[in-house]
Amino acid sequence: MTLVLATVTLAAVSCGPRQDVSKEEAQKEETPKMLVVFYSQTSNTKQVADVMATQLGADLAEIVPVETYDGDFYATIERGKKELDEKAYPEIQTLAFDVANYDVIFLGYPIWFGTYAPPVFTFLNQVDLGGKKVVPFCTFGSGGLESSLKDLAAAEPEAEILPGYGVRAARLEAMPKEVDRFLKAGGFIEGEYTKLEAFPEQHPVTEEEAAIFDAAVGDYPMMHAQAKSVASRVIPEGTEYLFTAVDLPREDGPDMPPAGEMQVYVSVIGEEAPVFTKVIR
Ligand SMILES: Cc1cc2nc3c(=O)[nH]c(=O)nc-3n(C[C@H](O)[C@H](O)[C@H](O)COP(=O)(O)O)c2cc1C
């Protein structure tokens, strides 16, 4: 009897702490390790990466080309185009953190020629993100994240590529709030957020809606388009429109055929002028 009691007491004593340790371990296993990796030439993407890493409490690593782009826009265009066309991607410095040690990689980049900038090709050629979750994010002039996703999926076929976040360089002031909502919606951080309803079906644009479209894209030199149809939805700050538009032939340029149909997202916040948030061709 004494022996049985002693055994039970011993078991109870030794079980207590062991249970705590395994609980801790289980919790550790449940909390995925997150790394924010980014390339940024003119610091727009860096701003997004900084906000993400701070919000997530994640490690942050910058992709730095050995030979940096010199900052002159046209020289960068020329060099970047050549590197992409020839698949001659630039050498990059060793990253501050080893991606192998992380479960979720937030990968940030500027959109160059409809895809991620060449240093990100180099990075993806050097690492294996197979089995990891990858959350892409980007900044762009007009284009959006979508055009880069095909290259990303091809570069990392064994990775699970999750929905990403993109923001126009001209709208960076709206980014911290959007990132907060994006991270909450993805379940990466806790907190309340407003779920966005889906867009209803499109209808032909009214005069008023056509005026909203024109006001949003009017002074953007790369866009010369006419809205055909639209759908709108309520967003926390105002109204978001999804226009289907077509390129108009350019009056001032060479006789280029219209590039076809595009989807243009436009936000109207309070009394502010309409702004387009991305264009998907
Ligand atoms: C070489 C080059 C090519 C670019 N190509 C595109 C493009 O195809 N589509 C687009 O929307 N923006 C394009 N941009 C604009 C950049 O994506 C935008 O300025 C971005 O915010 C820059 O980010 P960063 O400051 O992190 O370098 C291009 C910029 C450069 C320098």
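The values are calculated or read from the model by the stated rules, or taken from the named source; none is laboratory data. The shown structure was predicted, so the numbers you read here are calculated from the model rather than taken from an experiment. Heads up, the Cβs are rebuilt from the backbone with ideal geometry, glycines too, and the neighbour counts pull from every protein chain shown.
Structural remarks
- If you go through the stretch 59-106 and keep only what is aromatic (Phe, Trp, Tyr), surrounded by 18 or more Cβ atoms within 10 Å (Cβ to Cβ) and within 15 Å of the ligand (Cβ to nearest atom), you end up with Tyr69, Tyr89, Phe106.
- A count restricted to the stretch 81-105 and to residues that are over 28 Å from Lys133 (Cβ atoms) and not acidic (Asp, Glu) stands at 3.
- Search result, residues across the stretch 21-41 that are at pLDDT 95 or above and surrounded by fewer than 18 Cβ atoms within 10 Å (Cβ to Cβ): Lys33
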